1. Considering the range 295-311 alone, what residues qualify as being open to solvent by less than 40 Å² (accessible area, probe 1.4 Å) and in a helix (DSSP H, G or I)?
2. For residues that are open to solvent by less than 10 Å² (accessible area, probe 1.4 Å) and of a type in the set (Lys, Arg), tally how many sit in the range 385-400.
3. Show me the helices (runs of 4 or more DSSP H) found entirely inside the range 490-570 where at least 3 residues are under 18 Å from Ser593 (Cα atoms).
4. Please enumerate the residues belonging to the range 616-660 that are hydrophobic (A, V, I, L, M, F, W, C), open to solvent by 60 Å² or more (accessible area, probe 1.4 Å) and either assigned to a helix (DSSP H, G or I) or modelled with pLDDT under 90 (or both).
5. Which numbered condition trips up Ala144, out of (1) in a loop (DSSP other than H, G, I, E, B); (2) of a type outside the set (Asp, Glu); (3) modelled with pLDDT under 75?
6. Can you tell me how many residues in the range 365-413 are among the basic types (Lys, Arg) and not in a helix (DSSP H, G or I)?
7. Mind checking which pairs have a first residue in the range 539-554 that is without any contact (Cβ under 8 Å) to a residue 40 or more places away in the chain and within 15 Å of Asn516 (Cα to Cα) and a second that is in a helix (DSSP H, G or I) and open to solvent by 30 Å² or more (accessible area, probe 1.4 Å), Cβ under 7 Å, 6 or more apart or different chains?
8. Only one of Arg311, Arg307, Arg322, Arg334 is modelled with pLDDT of 80 or more, farther than 26 Å from Met207 by Cβ and basic (Lys, Arg); which?
Amino acid sequence: MSEAAQIPDPVRTTRFDDRIDTNPRISNLESARNIGRGFSYITTAPRLFAVKLVLSLLAIVPVLYLQWLAKILIDQVILQKPFDATDVVMPPHVQPFIDYVYGFSPFEILVALTVVSVVLLLVFGTRTYVHQDWAQGEDSATQAENAMNQGNSESASFLGFIDTLIHIRLSQRLTNHIRTRLYRRMAHLPMTTLDDHRIGDAIYRVMYDAPMLPSVCYTLTLTPLAMIIQAVISIYFLYYSYGAISPELVWVAVILIPLGLLVTVPFSQLTRRVQQDSRAAGTATTNAIEESMGNISAVQSLGGMAREKNRIDGQSKESFRRYRHIKIIEILIRFATWILIVLIAFGVAVSITDSIIIGELSPGDWSILFGIWFSLAGISMELGVFWINLQGNSAALRRVFFFIDAPTEDVGRTMVTSVPRTITLEGASFNYPDGRPAFQNIDLSLRQGELVAIVGPTGAGKTTLAYAIAGYVHPTRGSVLYDDLDLADANVESVRDFVTYVFQEHMLLSESIRSNLLLVKPDATEGDIALALSRAGATEIIETLPDGLDTVLGRSGDNLSVGQKQRLCIARGLIRDTPVLILDEPTAALDPSTEEALVDSLQVASAEKLVVVIAHRLSTIRKADRIVFIDQGSINDVGSHDELMEKEGSYFDFVRLQTGL
């Protein structure tokens, strides 16, 4: 039996993999709030929206004429009947044309009709509500891609061309606004939240949920407004021209309009649920691909390719299966609506035919009445579909607003405007969201102009303590003070201006080395770059590469060794040149000579700034001005290497363990 055959389908063991957004169900009221909130974003492009609105309303103009021109063609041109052959009253906007051609021959009337039709053709096109949508796939993600670049017009010809371009520009403007806002909010989530948030989920929400915002703006305004205005005009025409002859047709037309909503409203909650499940399944697929490719080396080296292929295959199939649920509901709704419309149409056809037979109506009236009636039937069905589409878009907006409303670390209002001379932790404790303690009751003062090493066994709380110093996490009890300012009250962006953190993981972009170095300081000079590379012991790396600083790195810099990546990351941190520099295990992958040169450079740098180093290696630690030894979340010893060795406390035992003495 093959490996793939023995691996259980991951979708059967867990439906989706949301870790933060775990309660996606919302009520009708919450859905309405999300929709209203989505519509408010139209204020980001008011002029484009106003132009789109005007063009959409102009698209109704052909409805005012085409069906009546068809009646004149049948009655006065083909059948050659006089205009007053029946008691039907022509509507006011058509009467000027009738007055103009009243004494014309059938051929002359035909010429006049042709001229008017050509004008309508050139300006509006031949039909009303011609949707010019680009090709799209049948899943939530590719539907969102289409929505973002949608070209949709209710006109054709000249106005349709202009309308389509405006529609595309407006869709892209709105999508770009919500995308960038959502990304910024996600990027400012607390570090503990980011640790639980999967990258694939973030990509899906930004790329595929956010583009549904324009659809809400259009669906909530342009679509119903144009349809309702057209319906009102059509019903008015029926009443004005046929109210005295066939009043029952007017009442049927009035009843027809809300019919679509009556059929679709009961499906609202179900639609939101299947849309949410479809998007969650799409997120799971994105997560699976991102995680697999991000760890492809481990997957290949450990023989996990078959399992990963099976996992992605299962998630992808589940995503498509969930989208099929959406289409099934849409088909059922359309089918139910059309069944009702067909039944009513049969009765309408009998009534119109009887009136024509007895002479109350002419054959030309058939084209008007059935044209208006089927137009109203289409509006009725589209109103129903409009409501269902609105529910689907509501599910996407809920996923967007979930993170826009999520608490971020950028909650403070007070700006850090001057270099903090002292960073003080007062009774600081931090517990992870699951309740596990990271560090407890820390009292510590760090000053500009010193090199401080945070030391301790694995899992002692060193990195979390450094995160608190940098403002990445806030103590659950106690405080971290930059001089007299509590970080809990500080603007995070301003804190970042004074602190550089070089993480233990080597984070390099798949761009040139120069681009990676300039990421932190775009205006850095060649001299700044050379000095930082020299201090980090990375000059020789650049010299050995054929393209030097312009060498393009592979995925996460994987075409470099671990030590080379580490030195480049340190150089990038040094280029930024902030008053506080924190390095997490900066010498872990360095050879002894490179490590010694780096530590010497850090000692020089600490003359002008506070340098905090998290380290295990004694050769790095012993040159620090002060050593903070932490174990099981508590500080046991603070002092220089010589002082702590004389004290023979926890640090002394740690050193003995390392040296084997």
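The values are calculated or read from the model by the stated rules, or taken from the named source; none is laboratory data. Quick caveat: nothing in here was measured; it's all calculated off a predicted structure. Heads up, the Cβs are rebuilt from the backbone with ideal geometry, glycines too, and the neighbour counts pull from every protein chain shown. Surface accessibility is based on the protein's heavy atoms, side chains included, excluding ligands, DNA and RNA. Shrake-Rupley method; radii C 1.70, N 1.55, O 1.52, S 1.80 Å.
1. Filtering the range 295-311 down to residues open to solvent by less than 40 Å² (accessible area, probe 1.4 Å) leaves 296, 299, 304, 306, 308, 310-311.
Ile296, Val299, Ala306, Glu308, Asn310, Arg311, listed by residue number.
2. The total comes to 1.
3. On the way: elements: 492-496, 513-518, 526-535, 539-544.
Here the list reads 526-535, 539-544.
4. The initial filter retains those residues of the range 616-660 that are hydrophobic (A, V, I, L, M, F, W, C), namely 618, 621, 624, 627-630, 635, 638, 644-645, 652, 654-655, 657.
Imposing the further condition that a residue be open to solvent by 60 Å² or more (accessible area, probe 1.4 Å) reduces the set to 638, 657.
Answer for the range 616-660, where residues must be hydrophobic (A, V, I, L, M, F, W, C), open to solvent by 60 Å² or more (accessible area, probe 1.4 Å) and either assigned to a helix (DSSP H, G or I) or modelled with pLDDT under 90 (or both): just Leu657.
5. All conditions pass for Ala144, except number (1).
6. The initial filter retains those residues of the range 365-413 that are among the basic types (Lys, Arg), namely 398-399, 413.
Imposing the further condition that a residue be not in a helix (DSSP H, G or I) reduces the set to 413.
Total satisfying the criteria: 1.
7. What qualifies is Ile541/Gln564; Leu549/Arg514; Asp550/Arg514.
8. Details: Arg311 fails: farther than 26 Å from Met207 by Cβ; Arg322 fails: farther than 26 Å from Met207 by Cβ; Arg334 fails: modelled with pLDDT of 80 or more.
Just a single option satisfies the conditions, and that option is Arg307.
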